Amino acid sequence: MKRAHGLITGAALAAAMSTALATGAAAQTIKIGVNEPLTGPFAASGTYVVNGAKIAADEINAKGGLLGRKIELVIEDNKSNPTEAAAVAEKLITGDKVPVIMGAWGSSLTLAVMPKLMEYKVPMVVETSSSSKITTSGNSYIFRISPPSSVEATEFKSIMPSLGIKKADFLVINNDWGRGSAEDFGKIMKAQNIQVGLVEIMDQAAQDMSAQLAKIKATDSDTIMVTTAVEQLTLVLKQAAALGITKRIVTTGGSQNPDQLIEQAGAAANGSMHLTTFAPWYPDKTPNPAATKYFLGEWKKRGYAIAGATESFRGYDGIRTIANAIQRAGKAEPAAITDALWTTDFPGLNGQIKFQKQGPTGKESGQSMPNLYLIKIENEKIILSGS
């Protein structure tokens, strides 16, 4: 009996030691939550962002990590669904104990996460979402490095005269991103005496947009403003070509992946124009050519298609923004990281990352102001406006 008791005690001790070692190992890393769509309609875009984030994490860890510890990305799939995005945020914060998150790609996904950030007082770097509501609704834990549609529209204002737009129709995804884009661009156009015609919407899972496109074809507009992710945009371009639509197509939101459009839509993509926040085809014309070339080199080294670079760079910059804040904060705690994010000032791949205050006084969110590019697809090649 004594021998059996000793064996049980030894087994329990071994288990306790194993748990302690595992806990100790976990304590040696700094966790960063990543809340992205890896399945569902936005899966391709979310995967690009995550792969960019991994390049940043590997780069940081190869240089010794942060505060003497390696960083660990805790990556979760929000399934392109707002309810799932909120649940993922709760899991990351309460289960994985992350002190900061990057996410959540789509505007509706990010808006769903925002109450969780306020509840638990955990900051999130928003790498993609463009709805203006994200930084104007009063959430002091939001720090966005991508431009809201209002900023995109303002930047587009200086480009519009060269395009000679007289009247524009809109075809947008039926969520906060799409509807917000139509509203923001519509305001800018009306202020420039450009007529706004139809505003047609499409569900995010829709495969057939021919009915909306047929209505738009019948109008006297010269331009169609389109906002949606690359998978659906590919279908829009193909269906527009099949209907014989010759109107100019301009896309917004920076999630078009022009290389992917050329590959998947072929000649149907010719003539289309796209607002992007990164120009990987012209690294020497980006704000930080050396960093751009390093990132693109790593992207290609891992065997990733160049098509993903226009989105993946945001995951790369998002993690670098978080790491920059943690290093300056001197500790990986939510309050300290939040404070440090407000004093961020370093070169990202598409411009200086520095947060301005937006939203109600005392509840401001942080908004960085990246560069914006207009590119055109001609003969299945990408041409940078002004090149």
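The values are calculated or read from the model by the stated rules, or taken from the named source; none is laboratory data. Owing to the predicted nature of the structure, the values given are computational and were not obtained by experimental measurement. Glycine gets a Cβ as well: all are built from the backbone with ideal geometry, and neighbour counts include every protein chain shown.
When you scan region 275-287, do you find a residue that is part of a helix (DSSP H, G or I), polar (S, T, N, Q) and within 21 Å of the chain's Cα centre (by Cα), even just one? No, region 275-287 contains no residue that is part of a helix (DSSP H, G or I), polar (S, T, N, Q) and within 21 Å of the chain's Cα centre (by Cα). Could you check region 173-197 and list, in sequence order, the residues that are over 20 Å from ASP220 (Cβ atoms) and either part of a loop (DSSP other than H, G, I, E, B) or of a type in the set (A, V, I, L, M) (or both)? Matches in region 173-197: ILE173, ASN174, ASN175, ILE188, ALA191.
Within region 264-274, which residues are in a loop (DSSP other than H, G, I, E, B) and either assigned by TED's automatic domain parsing to the domain that holds GLU311 or of a type outside the set (Ser, Thr, Tyr) (or both)? Quick ask: steps written out before the conclusion?
Step one: filter region 264-274 for residues in a loop (DSSP other than H, G, I, E, B), giving 270-272.
Hits for region 264-274 are ASN270, GLY271.
What do you reckon, is ALA62 small (Gly, Ala, Ser) and surrounded by fewer than 17 Cβ atoms within 10 Å (Cβ to Cβ)? Let's see the steps before the verdict.
On the way: small (Gly, Ala, Ser): yes; surrounded by fewer than 17 Cβ atoms within 10 Å (Cβ to Cβ): yes.
Taking the combined requirement at face value, the residue satisfies it.
Applying the criterion of being over 28 Å from the mean Cα position of the chain (by Cα) and part of a helix (DSSP H, G or I) to the residues of region 211-222, the residue that is nearest to THR246 (Cα to Cα) is LYS217. For region 295-308, the candidate set comprises residues that are touching a residue at least 24 places away in the same chain (Cβ under 8 Å) and under 22 Å from THR128 (Cα atoms); within that set, the residue that is surrounded by the most Cβ atoms within 10 Å (Cβ to Cβ) is PHE295.
Is there a residue in region 336-354 that is closer than 15 Å to ILE30 by Cβ, in the same structural domain as GLY103 (by TED's automatic domain parsing) and basic (Lys, Arg)? Checked region 336-354: no residue is closer than 15 Å to ILE30 by Cβ, in the same structural domain as GLY103 (by TED's automatic domain parsing) and basic (Lys, Arg).
A search for C-beta distances below 6 Å between a residue of region 214-243 that is within 17 Å of ILE165 (Cβ to Cβ) and any residue that is of a type in the set (Asp, Glu) and buried (at least 24 other Cβ atoms within 10 Å of the Cβ), counting only pairs 6+ apart in sequence or on different chains, returns ILE216/ASP169; THR219/ASP169; SER221/ASP169; ILE224/ASP169.
For region 102-125, a tally of residues being surrounded by fewer than 23 Cβ atoms within 10 Å (Cβ to Cβ) and of a type in the set (Lys, Arg) returns 1. Can you pull out the residues in region 325-363 that are assigned to a helix (DSSP H, G or I) and in contact (Cβ under 8 Å) with a residue 24 or more places away in the chain? Once the filter is applied, which keeps residues that are assigned to a helix (DSSP H, G or I) and in contact (Cβ under 8 Å) with a residue 24 or more places away in the chain, region 325-363 yields ALA325, ILE326, GLN327, PRO334, ALA335, ILE337, THR338, LEU341.
The one condition from (1) modelled with pLDDT under 95; (2) in a strand (DSSP E or B) that VAL125 does not meet is (1).
Residues that are more than 21 Å from ARG248 (Cβ to Cβ) and free of Cβ contacts under 8 Å to residues at least 60 places away in the same chain were ranked within region 134-183; the one that is surrounded by the most Cβ atoms within 10 Å (Cβ to Cβ) is SER150. Within region 202-221, being surrounded by fewer than 18 Cβ atoms within 10 Å (Cβ to Cβ) and modelled with pLDDT of 95 or more holds for ASP203, ALA206, GLN207, ASP208, SER210, ALA211, ALA214, LYS215, LYS217, ALA218, THR219, ASP220.
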